[in-house]
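Scroll down for the structure; my scribbles are underneath it.
What follows draws every value from the coordinates through simple rules; no lab data is involved. This structure is a prediction, so every number in the text was calculated from the model and none was measured. Heads up, the Cβs are rebuilt from the backbone with ideal geometry, glycines too, and the neighbour counts pull from every protein chain shown.
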Amino acid sequence: MTTEIDRESARGATTTIDGVGIRFGSYHAVDAISLDIEAGEFLCLLGPSGCGKSTLLSALAGFTPATVGAISVDDEPVAGPSPERGMVFQNSDALFDWLTVRQNVAFGPRMRGQSRKAQAALADEYLGLVGLRKFADKFPDQLSGGMRQRVQIARVLANRPRIVLMDEPFGALDAQTRQVMQQEMDRIWRESGCTVVFVTHDIGEAIILADRIAVMTAGPAASIKNIYSVDLPRPRDETSPEAIALHQKLRQDIGHEVRTALREQGLATEEDGR
Ligand SMILES: Nc1ncnc2c1ncn2[C@@H]1O[C@H](COP(=O)(O)OP(=O)(O)O)[C@@H](O)[C@H]1O
Ligand SMILES: [Mg+2]
């Protein structure tokens, strides 16, 4: 498929997370997270449920303020939400049901007062990229779950974001669709040139997609435990020996964190860890 993505304006941004800690009242959710994300990088945040992945992503989006530390994108401090940091949610309730697919994708450009021609061009470009041009005049509820997630991705990309934030975007899809969407996401990311921070608790998904995988510790006060570089050719084969070896390493790492979390909740004993 050919696309007419303007790489210059769709380029990724450098993101710096510097000593970020986040508290909700007395609850200490994340602690002392420092991480530099390169322009155009695909970074996965991987960790057990409840560790603080969404909290950190929400801070990157500017929805949740950091209690301590700072986040900046291309040296500009993150002080609130911006279309330059687009978020794709697990649930496609985020789409506007009363707008067509094309109108959903054109929404950001329309809000920014772009001409009708520019809106249509952006919608067409990004619907093409996600493989939905034929469905432009449908409404979200006429589409499958996987297609609705494609619309969310196109809608975020139509804002020409510097960074795309994705919170378990394929977590609600059936296994087959999820697999297709992972391969699609790999292609979309490569063609769009944007920076992606992608939250998942699915190790295989992180291996297929990430340049680097940041494994988080179990909360409270979750931080980054290890960072793995994934130097495997794309599109990736989850069944290659290298992928399987990495899968095992990550499973051990996360298994340890899950057991720690369960012990903190009084749901597991030391023996479970052996
Ligand atoms: N707005 C909030 N107020 C209080 N606690 C919160 C809030 N958001 C998240 N938390 C808590 O912070 C922890 C991390 O949550 P979250 O970031 O959603 O985890 P994850 O996405 O890794 O599953 C959880 O214990 C959660 O209950
Ligand atoms: Mg979450």
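Would you mind getting me the FRET efficiency between Asp174 and Asp75? Use the beta-carbon distance for r and R0 = 35 Å, nearest 0.05. Let's see the in-between values first.
Numbers: r = 42 Å, r/R0 = 1.19.
Efficiency, from the Cβ-Cβ distance: 0.25.
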Using a ≥ b ≥ c from the Cα gyration tensor of segment 152-274 (square roots of the eigenvalues), is it rounded, prolate or oblate, where a/c under 1.5 gives rounded and otherwise the larger of a/b and b/c decides, a/b for prolate? prolate
In a Debye calculation with equal point scatterers on the alpha-carbon sites of segment 82-202 and no solvent, what is log10 I(q)/I(0) at q = 0.13, 0.20 Å⁻¹? -0.44, -1.11
Starting from the amide H of Thr67, placed 1.01 Å from N in the peptide plane, find each other amide H under 5 Å away whose residue is 5 or more places distant or on another chain. Gly21, Ile22, Arg23
So which residue, out of Pro48, Pro241, Pro220, gets the largest mean-square fluctuation from a GNM of the chain using Cα contacts under 10 Å as springs? Pro241
Mean-square fluctuation check for the chain, GNM, Cα pairs under 10 Å: which of Gly219, Gly69, Gly204 is largest? Gly69
Relative contact order for segment 94-159: what percent, with Cα pairs under 8 Å and sequence separation of 6 or more? 48 percent
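Of all the Cα-Cα pairs you can form in segment 94-159, what percent are over 21 Å apart?
Details: 217 of 2145 pairs.
Value for segment 94-159: 10 percent of Cα pairs lie more than 21 Å apart.
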Give the Cα extents of the chain along the principal axes, in whole Å, largest first. 62, 41, 33
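Given the DSSP H assignment, sum -39500 (n - 2.57) over each helix run of at least 4 residues in the chain and divide by its residue total; what's the result at 222 nm in deg cm²/dmol, nearest 500? Walk me through the numbers before you get to the answer.
On the way: 7 runs with 96 residues, N = 274.
Taken over the chain, the calculation gives -11000 deg cm²/dmol.
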